[in-house]
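The values are calculated or read from the model by the stated rules, or taken from the named source; none is laboratory data. Model, not experiment: these values are computed from the prediction. Positions of Cβ are backbone-derived with ideal geometry, glycine not excepted, and every protein chain shown enters the neighbour counts. The area values use the complete protein model at the heavy-atom level, side chains included, leaving out ligands, DNA and RNA. Shrake-Rupley method; radii C 1.70, N 1.55, O 1.52, S 1.80 Å.
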Amino acid sequence: MNLPFYRKSSPICIGDSVWVCSNCFILSGVLIGEGSVLGACSVVTNNVPQHSLVAGNPAEVCAESITWHL
């Protein structure tokens, strides 16, 4: 598009078995690793490593090497 206010966005990639809690905001271009958990009301601005728990505004890694089963 040739509109002055238009910005092209990047896709969000979410891995398998990811749990996204309520009111979570994920910004464009972020990669969410497999088996991760995003805490409620989190604002995810950076990539999330695999098998980690992130929470906060902006979201930070709270725990690593987590596992959960369906």
From the list Ser28, Ser65, which residue is without any contact (Cβ under 8 Å) to a residue 40 or more places away in the chain and more than 12 Å from the chain's Cα centre (by Cα)?
-> Ser65
Scan of segment 1-35 for residues that are charged (D, E, K, R) and under 18 Å from Pro49 (Cβ atoms), ordered by number = Asp16, Glu34
If we ask which residues in segment 1-45 are outside any loop (DSSP other than H, G, I, E, B), more than 15 Å from Ile66 (Cβ to Cβ) and open to solvent by less than 70 Å² (accessible area, probe 1.4 Å), their number turns out to be 4
